[in-house]
1. Would you be able to tell me the number of residues in region 147-180 that are under 13 Å from A118 (Cβ atoms) and within 38 Å of the chain's Cα centre (by Cα)?
2. Would region 193-215 turn up any residue that is in the same structural domain as A153 (by TED's automatic domain parsing), over 30 Å from the mean Cα position of the chain (by Cα) and modelled with pLDDT of 85 or more?
3. Please indicate, with yes or no, whether at least one residue in region 162-178 is acidic (D, E), at pLDDT below 65 and either surrounded by fewer than 17 Cβ atoms within 10 Å (Cβ to Cβ) or under 22 Å from L94 (Cα atoms) (or both).
4. Identify, please: which residue in region 125-147 is surrounded by 13 or more Cβ atoms within 10 Å (Cβ to Cβ) and either part of a helix (DSSP H, G or I) or acidic (D, E) (or both) and is, among those, modelled with the highest pLDDT?
5. In the list A85, A40, A46, which residue meets the criterion of being among the small types (G, A, S) and under 44 Å from the mean Cα position of the chain (by Cα)?
6. Name the residues in region 181-193 that are in contact with a helix residue (DSSP H, G or I) (Cβ under 7 Å, 6 or more places away or on another chain) and either within 12 Å of N114 (Cβ to Cβ) or assigned to a strand (DSSP E or B) (or both), would you?
Amino acid sequence: MPDAEARLSALEDKIRSDAILARDAIREQLARDSEQKLTAAKTEIARDAEKLYQRETRQAEAERDSKVAMAAAESRVRLIKERNAIRESVLAALTEKLRAFTGTDGYRPYLLANVSEALAMVNAVGAQAIADPDEEAGPRGCVIYLTPRDCAAFADDIRALAPTAEPAPGGDDMIGGVKTDNPSSGIFADNTLKKKVDLCAEEIFELCGLNIDWQV
């Protein structure tokens, strides 16, 4: 009987010992599994966080670039509007000054010099355009257009300066100066103050720093 109890006690100890070993093995396995899962979870979270960061970074950069592009476009529009407003103001002031000049004593000699200049332009081209070498090259038969005011005031002066040319009224928008038309050779010269203003307008803006730099 004692032997049986001893064997029973040893069996119980063995079972208890095996249970403890099994429990410890399970705990160790659970610990390893938990650590692996935790590491994997951390890695996945870090990877997802990096993807999210990159996506949000790209989105932020795209939004930034879009805002920069929109701001640049709006700036160009504002610049063009401001430039045009300045342009209109400058040209309007210049036009008024030129119109005032046409009423001064100095305008008559300027106008006659302007006529001579226009006729010289016609002569330079006309000498090459006339086919018959025996035909006189020059402003013969030319029409000289002036503003209605100038035509009334200076027609006789122009006839005396260029007897073969005929003064004729043009438009008030000429401001001053003349347009010369040679129907026989098809030569036309615009030597008006309005034309001179148009030709120098861009140069004025460049000198004033008002030209648009599209690289901005």
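1. Final tally of qualifying residues: 7.
2. No, because not a single residue in region 193-215 is in the same structural domain as A153 (by TED's automatic domain parsing), over 30 Å from the mean Cα position of the chain (by Cα) and modelled with pLDDT of 85 or more.
3. no
4. The selected residue is V125.
5. Going through A85, A40, A46 in turn, the sole match is A85.
6. Within region 181-193, N182, I187, A189, N191, T192, L193 meet the criteria.
The values are calculated or read from the model by the stated rules, or taken from the named source; none is laboratory data. Source: prediction; values computed, not measured. Don't worry about glycine lacking a Cβ; one is built from the backbone with ideal geometry, like all the others, and counts go over all protein chains shown.
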